[in-house]
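To start, the structure itself, in C-alpha coordinates.
The values are calculated or read from the model by the stated rules, or taken from the named source; none is laboratory data. Model, not experiment: these values are computed from the prediction. Backbone-built Cβ (ideal geometry, glycine too); neighbour counts: all protein chains shown. With ligands, DNA and RNA removed, areas are computed over all heavy atoms of the protein, side chains included. Shrake-Rupley method; radii C 1.70, N 1.55, O 1.52, S 1.80 Å.
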Amino acid sequence: MDLPDNAISARGLVKTYPATRTMPAMQALKGVDLTIPRGAIFGLLGPNGAGKSTFINILAGLTKKTAGRVEIWGRDIDTRARDARAAIGVVPQEIAADVFFTPRESLDVQAGLYGVPKAQRRTDELLAALGLSDKADAYVRQLSGGMKRRLMVAKAMVHNPPVLVLDEPTAGVDVELRRQLWAYVESLNRQGVTIVLTTHYLEEAEALCDTIAIVNRGQVVACEPTAQLLKRLDTRTVVVTPDTALAAAPRIGEFETRLRPNGDLAVAFKSAGAGVEQVLAQIRAAGVTIRDLRTEDPDLEDVFVALTSDSPRPEAA
Ligand code: ADP
(Lines give C-alpha, C1' and ligand atoms only; values in the text may rest on other atoms or scores of the structure.)
Protein backbone atom coordinates (compact mmCIF):
# COMPACT_ATOMS: atom_id res chain seq x y z
CA MET A 1 0.00 0.00 0.00
CA ASP A 2 1.28 3.43 -0.93
CA LEU A 3 1.57 5.70 2.06
CA PRO A 4 1.20 9.44 1.52
CA ASP A 5 4.02 11.76 2.60
CA ASN A 6 1.54 13.99 4.37
CA ALA A 7 -1.25 13.04 6.71
CA ILE A 8 -2.99 16.34 6.09
CA SER A 9 -2.47 19.12 3.62
CA ALA A 10 -4.47 22.35 3.43
CA ARG A 11 -3.99 25.01 0.77
CA GLY A 12 -5.58 28.44 0.84
CA LEU A 13 -8.18 27.29 3.32
CA VAL A 14 -10.81 29.93 4.01
CA LYS A 15 -13.83 29.76 6.28
CA THR A 16 -16.28 32.60 6.57
CA TYR A 17 -19.18 32.21 8.96
CA PRO A 18 -22.10 34.18 7.54
CA ALA A 19 -23.50 37.17 9.38
CA THR A 20 -26.39 36.60 11.74
CA ARG A 21 -28.89 39.05 13.16
CA THR A 22 -26.58 39.84 16.07
CA MET A 23 -23.11 39.13 14.59
CA PRO A 24 -21.31 40.36 11.47
CA ALA A 25 -19.77 37.82 9.08
CA MET A 26 -16.65 36.26 10.58
CA GLN A 27 -13.64 35.07 8.62
CA ALA A 28 -12.36 32.38 10.95
CA LEU A 29 -9.70 31.03 8.54
CA LYS A 30 -7.99 33.49 6.23
CA GLY A 31 -6.21 31.35 3.65
CA VAL A 32 -4.46 28.72 5.75
CA ASP A 33 -1.64 26.63 4.23
CA LEU A 34 -0.69 23.76 6.49
CA THR A 35 1.15 20.51 5.89
CA ILE A 36 1.14 17.82 8.55
CA PRO A 37 3.66 15.09 7.79
CA ARG A 38 2.78 11.44 8.20
CA GLY A 39 3.94 10.14 11.59
CA ALA A 40 4.00 13.51 13.36
CA ILE A 41 2.60 14.54 16.69
CA PHE A 42 1.52 17.91 15.48
CA GLY A 43 0.30 20.70 17.72
CA LEU A 44 -2.07 23.40 16.60
CA LEU A 45 -1.51 26.10 19.17
CA GLY A 46 -3.42 29.33 19.51
CA PRO A 47 -5.60 31.39 21.83
CA ASN A 48 -9.36 31.03 22.03
CA GLY A 49 -10.99 32.17 18.82
CA ALA A 50 -7.86 31.59 16.69
CA GLY A 51 -9.66 29.19 14.34
CA LYS A 52 -8.39 25.83 15.63
CA SER A 53 -11.79 24.18 16.04
CA THR A 54 -12.95 25.53 12.71
CA PHE A 55 -9.96 23.86 11.06
CA ILE A 56 -10.64 20.58 12.82
CA ASN A 57 -14.34 20.66 12.10
CA ILE A 58 -13.56 21.04 8.41
CA LEU A 59 -11.29 17.99 8.61
CA ALA A 60 -13.98 16.06 10.43
CA GLY A 61 -16.56 16.96 7.80
CA LEU A 62 -18.66 18.86 10.34
CA THR A 63 -18.12 22.33 8.85
CA LYS A 64 -18.06 23.27 5.16
CA LYS A 65 -15.07 25.27 4.05
CA THR A 66 -15.64 28.45 2.07
CA ALA A 67 -12.61 28.05 -0.21
CA GLY A 68 -9.34 26.17 -0.56
CA ARG A 69 -8.25 22.54 -0.83
CA VAL A 70 -7.81 19.95 1.86
CA GLU A 71 -6.44 16.44 1.61
CA ILE A 72 -6.51 13.87 4.38
CA TRP A 73 -4.15 10.95 3.81
CA GLY A 74 -3.85 12.09 0.20
CA ARG A 75 -7.62 12.08 -0.31
CA ASP A 76 -9.35 15.29 -1.34
CA ILE A 77 -12.23 16.04 1.05
CA ASP A 78 -14.38 17.32 -1.85
CA THR A 79 -13.85 14.62 -4.44
CA ARG A 80 -13.19 11.65 -2.10
CA ALA A 81 -15.17 12.69 0.95
CA ARG A 82 -15.87 9.15 2.19
CA ASP A 83 -12.29 7.96 1.83
CA ALA A 84 -11.01 11.11 3.48
CA ARG A 85 -13.34 10.64 6.43
CA ALA A 86 -12.34 7.00 6.83
CA ALA A 87 -8.73 8.12 7.31
CA ILE A 88 -9.40 10.34 10.30
CA GLY A 89 -10.72 9.98 13.83
CA VAL A 90 -11.70 13.10 15.73
CA VAL A 91 -12.04 13.44 19.48
CA PRO A 92 -14.28 16.45 20.02
CA GLN A 93 -13.84 18.98 22.76
CA GLU A 94 -17.22 18.42 24.34
CA ILE A 95 -17.99 15.17 26.09
CA ALA A 96 -21.04 13.80 24.31
CA ALA A 97 -21.86 10.62 26.17
CA ASP A 98 -24.52 8.21 25.02
CA VAL A 99 -26.04 7.77 28.43
CA PHE A 100 -28.04 4.69 27.51
CA PHE A 101 -25.11 2.62 26.34
CA THR A 102 -22.29 0.86 28.09
CA PRO A 103 -18.79 1.64 26.83
CA ARG A 104 -18.73 -1.69 24.98
CA GLU A 105 -22.06 -0.96 23.28
CA SER A 106 -21.02 2.56 22.54
CA LEU A 107 -17.92 1.37 20.70
CA ASP A 108 -19.93 -1.24 18.83
CA VAL A 109 -22.46 1.36 17.68
CA GLN A 110 -19.67 3.64 16.53
CA ALA A 111 -17.94 0.79 14.65
CA GLY A 112 -21.29 0.05 13.00
CA LEU A 113 -21.58 3.67 11.89
CA TYR A 114 -18.19 3.37 10.21
CA GLY A 115 -19.12 0.04 8.62
CA VAL A 116 -16.41 -1.90 10.43
CA PRO A 117 -17.26 -5.62 10.06
CA LYS A 118 -17.82 -7.47 13.37
CA ALA A 119 -14.78 -9.70 12.82
CA GLN A 120 -12.51 -6.67 12.49
CA ARG A 121 -13.73 -4.81 15.54
CA ARG A 122 -11.19 -4.18 18.26
CA THR A 123 -13.57 -3.34 21.05
CA ASP A 124 -11.77 -5.23 23.83
CA GLU A 125 -8.38 -4.01 22.72
CA LEU A 126 -9.54 -0.39 22.75
CA LEU A 127 -11.22 -0.72 26.12
CA ALA A 128 -8.04 -2.20 27.57
CA ALA A 129 -5.79 0.42 25.97
CA LEU A 130 -7.80 3.19 27.56
CA GLY A 131 -8.13 1.55 30.96
CA LEU A 132 -11.86 0.94 30.61
CA SER A 133 -11.95 -2.87 30.67
CA ASP A 134 -13.50 -3.11 34.11
CA LYS A 135 -16.13 -0.52 33.15
CA ALA A 136 -16.90 -2.13 29.79
CA ASP A 137 -20.41 -3.07 30.85
CA ALA A 138 -21.25 -0.18 33.17
CA TYR A 139 -23.66 2.50 32.11
CA VAL A 140 -21.82 5.46 30.63
CA ARG A 141 -23.55 7.81 33.06
CA GLN A 142 -21.78 5.92 35.87
CA LEU A 143 -18.36 6.81 34.48
CA SER A 144 -16.25 9.64 35.80
CA GLY A 145 -15.48 12.62 33.56
CA GLY A 146 -12.02 11.26 32.85
CA MET A 147 -13.39 7.85 31.87
CA LYS A 148 -15.91 9.46 29.54
CA ARG A 149 -13.12 11.37 27.86
CA ARG A 150 -11.11 8.20 27.39
CA LEU A 151 -14.19 6.57 25.91
CA MET A 152 -14.34 9.44 23.40
CA VAL A 153 -10.78 8.65 22.35
CA ALA A 154 -11.67 4.97 21.96
CA LYS A 155 -14.69 5.91 19.83
CA ALA A 156 -12.51 7.99 17.53
CA MET A 157 -10.26 4.97 16.99
CA VAL A 158 -12.85 2.25 16.19
CA HIS A 159 -12.23 2.37 12.44
CA ASN A 160 -8.48 2.30 12.98
CA PRO A 161 -7.80 5.63 11.26
CA PRO A 162 -4.18 6.54 10.44
CA VAL A 163 -4.81 10.10 11.66
CA LEU A 164 -6.18 10.97 15.09
CA VAL A 165 -7.23 14.52 15.93
CA LEU A 166 -7.76 15.65 19.50
CA ASP A 167 -9.46 18.98 20.11
CA GLU A 168 -8.23 20.46 23.41
CA PRO A 169 -7.77 16.98 24.88
CA THR A 170 -6.87 18.05 28.38
CA ALA A 171 -9.08 21.09 28.94
CA GLY A 172 -10.48 20.63 32.43
CA VAL A 173 -8.65 17.34 32.92
CA ASP A 174 -6.64 16.64 36.08
CA VAL A 175 -2.89 16.12 36.01
CA GLU A 176 -3.02 12.35 36.51
CA LEU A 177 -5.42 11.78 33.64
CA ARG A 178 -3.55 14.22 31.45
CA ARG A 179 -0.42 12.09 31.83
CA GLN A 180 -2.39 8.93 30.99
CA LEU A 181 -3.84 10.50 27.89
CA TRP A 182 -0.46 11.76 26.76
CA ALA A 183 1.07 8.30 27.29
CA TYR A 184 -1.67 6.70 25.23
CA VAL A 185 -1.33 9.27 22.47
CA GLU A 186 2.40 8.65 22.38
CA SER A 187 1.93 4.89 22.19
CA LEU A 188 -0.51 5.30 19.29
CA ASN A 189 2.04 7.50 17.58
CA ARG A 190 4.73 4.84 18.04
CA GLN A 191 2.38 2.43 16.28
CA GLY A 192 2.34 4.81 13.32
CA VAL A 193 -0.74 6.94 13.96
CA THR A 194 -0.30 10.60 13.04
CA ILE A 195 -1.57 12.79 15.87
CA VAL A 196 -2.94 16.31 15.56
CA LEU A 197 -3.92 18.12 18.70
CA THR A 198 -5.16 21.58 19.43
CA THR A 199 -4.35 23.32 22.63
CA HIS A 200 -4.02 26.77 24.07
CA TYR A 201 -1.39 25.57 26.50
CA LEU A 202 2.14 26.18 25.30
CA GLU A 203 3.26 23.68 27.93
CA GLU A 204 1.13 20.88 26.52
CA ALA A 205 2.30 21.43 22.94
CA GLU A 206 5.86 21.58 24.21
CA ALA A 207 5.61 18.32 26.11
CA LEU A 208 3.97 16.27 23.40
CA CYS A 209 4.44 17.67 19.92
CA ASP A 210 7.38 17.32 17.57
CA THR A 211 6.08 20.13 15.38
CA ILE A 212 3.98 23.13 16.35
CA ALA A 213 1.92 25.46 14.21
CA ILE A 214 0.80 28.66 15.84
CA VAL A 215 -2.52 30.04 14.68
CA ASN A 216 -3.71 33.51 15.49
CA ARG A 217 -6.81 35.24 14.12
CA GLY A 218 -7.31 32.70 11.34
CA GLN A 219 -3.72 32.69 10.15
CA VAL A 220 -0.71 30.44 10.67
CA VAL A 221 1.95 32.70 12.16
CA ALA A 222 4.60 30.01 12.67
CA CYS A 223 5.05 26.34 11.87
CA GLU A 224 8.26 24.60 12.79
CA PRO A 225 9.88 21.84 14.85
CA THR A 226 9.15 22.35 18.54
CA ALA A 227 12.79 22.79 19.60
CA GLN A 228 13.40 25.40 16.92
CA LEU A 229 10.27 27.31 17.85
CA LEU A 230 11.09 27.31 21.55
CA LYS A 231 14.55 28.60 20.81
CA ARG A 232 13.02 31.56 19.03
CA LEU A 233 10.82 32.16 22.05
CA ASP A 234 13.65 31.85 24.44
CA THR A 235 13.07 35.25 25.94
CA ARG A 236 12.84 35.86 29.64
CA THR A 237 12.16 39.09 31.45
CA VAL A 238 13.74 40.58 34.54
CA VAL A 239 11.23 42.75 36.34
CA VAL A 240 12.53 45.14 38.96
CA THR A 241 10.76 47.53 41.27
CA PRO A 242 12.95 50.63 41.43
CA ASP A 243 13.57 52.27 44.79
CA THR A 244 12.60 55.66 43.38
CA ALA A 245 9.95 56.03 40.72
CA LEU A 246 11.28 56.42 37.17
CA ALA A 247 9.83 58.99 34.78
CA ALA A 248 10.71 56.93 31.71
CA ALA A 249 12.40 53.64 30.88
CA PRO A 250 16.15 54.20 30.94
CA ARG A 251 18.40 52.66 28.33
CA ILE A 252 19.61 49.31 29.66
CA GLY A 253 22.44 48.20 27.38
CA GLU A 254 21.04 46.60 24.24
CA PHE A 255 18.08 45.11 26.08
CA GLU A 256 14.49 45.82 25.23
CA THR A 257 13.16 47.76 28.19
CA ARG A 258 9.71 48.96 29.22
CA LEU A 259 8.30 50.87 32.13
CA ARG A 260 5.10 49.18 33.26
CA PRO A 261 2.08 51.20 34.43
CA ASN A 262 2.73 50.11 38.05
CA GLY A 263 6.27 51.59 37.87
CA ASP A 264 8.08 48.25 37.46
CA LEU A 265 10.88 48.15 34.95
CA ALA A 266 10.76 45.11 32.62
CA VAL A 267 13.92 44.12 30.79
CA ALA A 268 13.69 41.29 28.24
CA PHE A 269 16.68 39.11 27.46
CA LYS A 270 17.46 35.93 25.51
CA SER A 271 18.26 33.11 27.94
CA ALA A 272 20.70 31.70 25.41
CA GLY A 273 22.60 35.00 25.36
CA ALA A 274 22.83 37.11 28.49
CA GLY A 275 22.27 35.88 32.04
CA VAL A 276 20.22 37.51 34.79
CA GLU A 277 23.45 38.70 36.40
CA GLN A 278 24.46 40.65 33.31
CA VAL A 279 21.00 42.22 33.03
CA LEU A 280 21.09 43.29 36.69
CA ALA A 281 24.57 44.77 36.29
CA GLN A 282 23.32 46.87 33.37
CA ILE A 283 20.28 48.00 35.35
CA ARG A 284 22.49 49.15 38.20
CA ALA A 285 24.89 50.77 35.74
CA ALA A 286 21.93 52.80 34.44
CA GLY A 287 21.58 54.24 37.95
CA VAL A 288 18.47 52.30 39.01
CA THR A 289 18.40 51.16 42.63
CA ILE A 290 16.59 47.85 42.89
CA ARG A 291 14.10 47.40 45.69
CA ASP A 292 12.63 44.11 44.50
CA LEU A 293 13.05 41.80 41.55
CA ARG A 294 11.70 38.69 39.85
CA THR A 295 11.99 36.92 36.48
CA GLU A 296 9.17 35.98 34.13
CA ASP A 297 9.02 33.22 31.51
CA PRO A 298 7.22 33.82 28.23
CA ASP A 299 3.57 32.86 28.05
CA LEU A 300 1.43 32.35 25.00
CA GLU A 301 0.70 36.06 24.84
CA ASP A 302 4.41 36.85 24.49
CA VAL A 303 4.68 34.20 21.83
CA PHE A 304 2.15 36.02 19.69
CA VAL A 305 3.72 39.37 20.29
CA ALA A 306 7.03 37.88 19.16
CA LEU A 307 5.62 36.11 16.12
CA THR A 308 2.74 38.18 14.83
CA SER A 309 3.65 40.79 12.30
CA ASP A 310 0.80 43.12 13.25
CA SER A 311 2.24 43.47 16.74
CA PRO A 312 3.19 46.99 17.82
CA ARG A 313 6.78 46.07 18.63
CA PRO A 314 9.02 47.26 15.82
CA GLU A 315 11.54 44.44 16.22
CA ALA A 316 8.91 41.69 15.92
CA ALA A 317 9.00 41.16 12.17
P1 ADP B 1 -10.62 28.21 18.48
O2 ADP B 1 -11.01 26.78 18.32
O3 ADP B 1 -9.21 28.48 18.10
O4 ADP B 1 -10.95 28.75 19.82
P5 ADP B 1 -12.81 28.71 16.63
O6 ADP B 1 -12.47 28.01 15.37
O7 ADP B 1 -13.78 28.07 17.54
O8 ADP B 1 -11.46 29.08 17.41
O9 ADP B 1 -13.37 30.17 16.28
C10 ADP B 1 -12.75 31.05 15.35
C11 ADP B 1 -13.64 32.27 15.16
O12 ADP B 1 -14.84 31.89 14.46
C13 ADP B 1 -14.10 32.89 16.46
O14 ADP B 1 -14.13 34.29 16.28
C15 ADP B 1 -15.49 32.35 16.65
O16 ADP B 1 -16.29 33.27 17.35
C17 ADP B 1 -15.98 32.19 15.22
N18 ADP B 1 -16.93 31.08 15.09
C19 ADP B 1 -16.70 29.78 15.43
N20 ADP B 1 -17.78 29.02 15.16
C21 ADP B 1 -18.72 29.85 14.65
C22 ADP B 1 -20.06 29.67 14.17
N23 ADP B 1 -20.64 28.48 14.16
N24 ADP B 1 -20.73 30.78 13.74
C25 ADP B 1 -20.14 31.98 13.71
N26 ADP B 1 -18.88 32.22 14.15
C27 ADP B 1 -18.17 31.17 14.61
Shape of the chain, Cα gyration tensor, a/c cut at 1.5: prolate
Solvent-accessible surface (1.4 angstrom probe) belonging to THR289, in square angstrom, nearest 10: 80 Å²
Solvent-accessible surface (1.4 angstrom probe) belonging to LEU208, in square angstrom, nearest 10: 10 Å²
Accessible surface, the stretch 235-297, averaged per residue in Å² (probe 1.4 Å): 59 Å²
The chain, accessible surface, carbon-and-sulfur percent (1.4 angstrom probe): 50 percent
Relative contact order (%) - the stretch 235-297, alpha-carbon pairs under 8 angstrom, separation at least six: 50 percent
The stretch 120-190 shape via C-alpha gyration tensor axes, a/c threshold 1.5: oblate
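State the antiparallel share, in %, of DSSP beta bridges confined to the chain, rounding to the nearest 5. All intermediate terms of the calculation are to be shown ahead of the outcome.
Values: 38 of 56 bridges.
In the chain, DSSP labels about 70 percent of beta bridges as antiparallel.
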List ASP210, ASP137, ordered by accessible area with a 1.4 Å probe, largest first: ASP137, ASP210
Residue list for the stretch 107-129, given a label point 7 angstrom along the Cα-to-Cβ vector of ASP137 and an amide N cut-off under 17 Å: 107-108, 123-125, 127-128
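Compute the relative contact order of the chain as a whole-number percentage, counting only Cα pairs closer than 8 Å that sit 6 or more residues apart in sequence. Don't skip to the answer; put the middle values down first.
On the way: 572 pairs, mean separation 58.6, N = 317.
That works out to 18 percent.
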Ellipticity estimate at 222 nm from DSSP helix runs (n ≥ 4, -39,500 (n - 2.57)) divided over the chain, nearest 500: -8500 deg cm²/dmol
Global geometry of the stretch 167-217, whether rounded, prolate or oblate, following the gyration tensor of its Cα atoms and the 1.5 cut on a/c: oblate
Partner lysines for LYS155 [C-alpha distance under 29 Å; skip if fewer than 8 residues away on the same chain]: LYS15, LYS52, LYS64, LYS65, LYS118, LYS135
Rounded Å value of the spacing that divides the Cα centres of the stretch 174-228 and the stretch 61-119: 21 Å
The chain: most fluctuating residue of PRO92, PRO169, PRO18 per GNM, C-alpha cutoff 10 Å: PRO18
Low-density loop positions, GluC sites (Glu not before Pro), the stretch 62-136 - DSSP coil, at most 10 other Cβ in 10 Å: GLU94
